[in-house]
Every structure is written in C-alpha cells, then in structure tokens.
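The values are calculated or read from the model by the stated rules, or taken from the named source; none is laboratory data. Owing to the predicted nature of the structure, the values given are computational and were not obtained by experimental measurement. In this analysis, Cβ positions are derived from the backbone assuming ideal geometry, glycine residues included, and neighbour counts consider all displayed protein chains. These area figures cover heavy atoms from the full protein model, side chains too; ligands, DNA and RNA do not enter into them. Shrake-Rupley method; radii C 1.70, N 1.55, O 1.52, S 1.80 Å.
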Amino acid sequence: MEYTKKIEVAYDVDVCVAGGGPAGVAAAVSAARQGVKVLLIESQGFFGGAGTAGLVPAFMPFENGVDFLADGIGREIYEASRQDPSVIMDRTVGIQLERLKKIYDDLVVEAGVEFLFFSQVIDVIKKGRNIEALIVSTKSGLLAVKAKVFIDTTGDADVCALSGVAYTLGDEKGNTMPASLCSLWADIEWEKMWMPHTAFLEEAFKDHVFTQEDRHIPGFCRAGKTSGGANIGHVFNVDATNVQDLTQAMIKGRKILREFETYFTKYVKEGYENAFPMVSASYLGVRESRRIQGEYVMTIEDFMNRASFEDEIGRFSYPVDIHIANPSKDAYDAFVKEHSSLRYADGESYGIPYRALLPKELDNLLVAGRCISADRQMLSSVRVMPACFITGQAVGVAAALSIDKGWQVKEIDIKELQRRLKAIGAFLPNFTEEG
C-alpha cells in the first residue's frame, strides 16, 4: 500500500530533541540555556520517562562516594528532589512521582523550551548526511519539524533507526535484558520491616504462588510515609522495539504484580500485611533495546580500566548491572557474581567520550541516554538516570555550540565543549585549558 500526504512544517527551530525522559530534559534545558531555540517532543503527558511514566522508584546514585558525578542539571534535579522529607534519600535517591514531574516542568518552562506532549516521531526526512525534518504524529494530525541539529533521547534510538543509523540490539542472538512493570504501593508500614524481602521466596515457589521462579527482586523504595515504589518482577523475552512484544508484556507484568501482592502480604507480612499496589506503570520499564554504533563504542574494558578520554564529557561509576537472562537459580547466581565483582570502590569512575554520542552516518544528529554507543556490559552501567543527565547535558551544550560556531556536531572544538560544560557544573576533573 502506498500513502502520500502533504504535511505542514509546524516548527523550524535550532535544536529538536526527541524524547522527554531524563536525557531529553537535560539536553533541551542545557541547549536552551545556551541561547538557542529548542523544541522538545514527548509521547506522554509529562516529562521524565522511566522515572515518571515508568514508575521506576529510584534514580540510582548521582555520586561515587567521593565526587558528585551527575553535576550541573543532575545536581539541580537532585537538590529539588531532596526537599520532600517523606522520601528517604539514601544513595539510590528515591523518587516522589508528582514532585519529580513538577521539577521537570519547571526546568523546561523556565529555560524557555518549546515542547509538545502526546507527540511521537514516526519518520525522518533526510538529505545527504543530514536530517532535514522529523515527521511527528500528534492529536492534531501529522506535522513536520525542521531543525539545524536533532537529538535522539528516545531510549530506543527511534530517530537513529528511522534514519538508517547502525545499531545493535541485545546480545549476539538479539536477546535483551528482561523488562519490569514497576508499581506504586500504599499502606506499607516501613517501621515494622526487619527481614530481607526475599526470605520466603523458596517457600512461595513450593506453594506455586509464582508462575516463574524469579529470585532477582530489586525491591521497594520509600516514596512517602506509607507508600513506596516497587521494582519487582521480570518480564522475559521482550523486544522493546516490537509492538506485539510490548503489548503482551504489559499483560504479563500486571499478572506478575498480583503474584507479588500475594507474596508480600501472605509470606513476608512484616510491614506488608495491608499493603497493596495502587497503580502499575503506564509503560514498561525497559532496561535494554537498541545501542547505536557510534564514532566510539564504549566497552567493558573501559569500565575495567577506569578509562579516561581526551574528549570526555563526564564521568560515571554505576556497577555492571545486566539483569538475569532467565528465571533460574543458575542465572541468578551468575548475576550476583557479576554484579558484585564489576563495581568500583569509592572515588573511582570511568569517562564518557563525546564520540560515543555521535552516530557515524549523520552530521547533525546527537544521541544521549540509554541508546548511546556501548557494548552490553558497559551500557548496563551507563543506562541509569544520573548518567542520562550527564550525556543529555553534554549533547544539549554540543548542539548549541555547533549552531553558535557553524560547526557540524562531529567537528566542534572539544576543549570549547568541555569549557562550557565545566562552566555549568559538569564533573570534568581531567579538563585543562592546555590540552
């Protein structure tokens, strides 16, 4: 079937950011603060991605025990989140859902970013090695967005895939980490808890409470006096770029959630006797999908070597965190071994090179967030929200710099980029003016 339609160019901006999750907000706000005109496109009715629509209950660490790594935009979000006394601010940094939505709203609005909710990028118009426009589906119909520089912060590298950028999906067989349907629970008595929430799993398995024997349970994070966010239950064999997989995964996720309600209220009990899930997420928590093949591919060797780069735009330190491949004890034991060994001591970190944010095939496209150029093990470290603030901030400033100077994004002066990032607070301990 062929389909042809004339589409209005509704926006012509300096920078267009696709995806309003943590990386997208950081990119859009950072670019706008540099003085360029920015449009941010988001498929939900609010910003935040996994931390809001996905109900992921915690950011994960912003620091490495010594240094605050996600500085700049990340620190602003961290400090604003700390103002709610009902949230326990341990190293994982719990999320209070509506507060976080408001934090993102304020950042975007105050920076002067134009934005569209309920809008999805569905196609790309290219001219040579440049994207000319994105085609966006909205409630008002299809529209086109032109820009000088485009930024893909969709998480799944949707703009890259539509543009023909090379990418890798999952392992060598295309298998990805399991997804999770996170949830928000009420009537938890936090003060009564005293034992590990996994203590009765084997008993529950024998009683056939669960349809799968999943021993890998990240658990709960406090979100209020009697509420908490839950990252529990894995949905296996999900390709997050396949609509049928996503559809079935939501059904499975809700079924698994009810099994966990039985487990926590009938087996764990202490603190959970009256607890219940108030709401499950509006979309699936995806840990892994497409990873672009950029000008540099970050590898597990970079993690092991605490790598530094001449073009690094930040540093990070989260452990290698590839969730279990299947619901078996052997898979869980393998996860525990890797996750406990591939982690850093306090004060250690690795660099993130600018080249890992650059697709090879195009000259006006940048990438940040969960889909940057890295192998599986490295991406399992750099995929979490504080790292998304780091990479998003970097591409936002890079996009503005390319427009200011008339440079292609691959040709910008790295020292000038690092200088601008340093000026807004980025953690760049190896930066020197001399080179």
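See the values below:
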item: Theoretical ellipticity at 222 nm over the chain - DSSP helices of four or more residues, -39500 (n - 2.57) apiece, nearest 500; result: -8500 deg cm²/dmol
item: Nearest-0.05 FRET efficiency for E295 and S328, computed from C-beta distance (R0 35 Å); result: 0.35
item: Estimated D of the chain in µm² per second, where Rh is the Kirkwood radius over Cα pairs and Stokes-Einstein applies at 10 °C, 1.306 mPa s; result: 72 µm²/s
item: Dipole magnitude (debye, nearest 20) for segment 281-373, charges at Cβ of Lys, Arg, Asp, Glu; result: 320 debye
item: Dipole in debye (nearest 20) - segment 329-411, about Cα centre, beta carbon charges: Lys, Arg +1; Asp, Glu -1; result: 100 debye
item: Inter-label distance for K6 and D90, nm, one decimal - labels placed 7 Å from Cα along Cα-to-Cβ; result: 6.1 nm
item: Dipole in debye (nearest 20) - the chain, about Cα centre, beta carbon charges: Lys, Arg +1; Asp, Glu -1; result: 660 debye
item: Long pairs among K101/K255; K173/K329; K5/K255; K37/K225, criterion Cα-Cα beyond 30 Å; result: K5/K255; K37/K225
item: Nearest 10 degrees, 0 to 90: helix 22-33 Cα axis against the chain principal axis; result: 30 degrees
item: Whole-Å distance, taken between Cα centres, linking segment 306-334 and segment 356-377; result: 18 Å
item: FRET efficiency, A423 to S341 (Cβ-Cβ, R0 30 Å, nearest 0.05); result: 0.20
item: Cα-only radius of gyration and Dmax that characterise segment 40-87, units Å; result: 12.6, 37
item: Cα coordinate range in segment 354-419, projected on the principal axes (Å, largest first); result: 35, 25, 15
item: Segments 284-295, 366-377, 239-250, 173-184 sorted - mean Cβ within 10 Å per residue, highest first; result: 366-377, 284-295, 173-184, 239-250
item: Projected-area mean, segment 126-251, by convex hull of Cα positions, square nanometres; result: 12.7 nm²
item: Protein accessible area in the chain, 1.4 Å probe - carbon and sulfur %; result: 49 percent
item: Loop-located chymotrypsin sites (Phe, Trp or Tyr not before Pro) in segment 108-173, at most 13 other Cβ atoms within 10 Å (DSSP); result: F118
item: Sorted peptide list for 325-332, 96-103, criterion being average Cβ within 10 angstrom, highest first; result: 96-103, 325-332
item: Relative contact order of segment 86-196, pairs being alpha-carbon contacts under 8 Å that are 6 or more residues apart, as %; result: 13 percent
item: Solvent exposure of segment 10-82 as accessible area per residue, Å², 1.4 Å probe; result: 25 Å²
item: Antiparallel bridges, percent of DSSP beta bridges restricted to the chain (to nearest 5); result: 65 percent
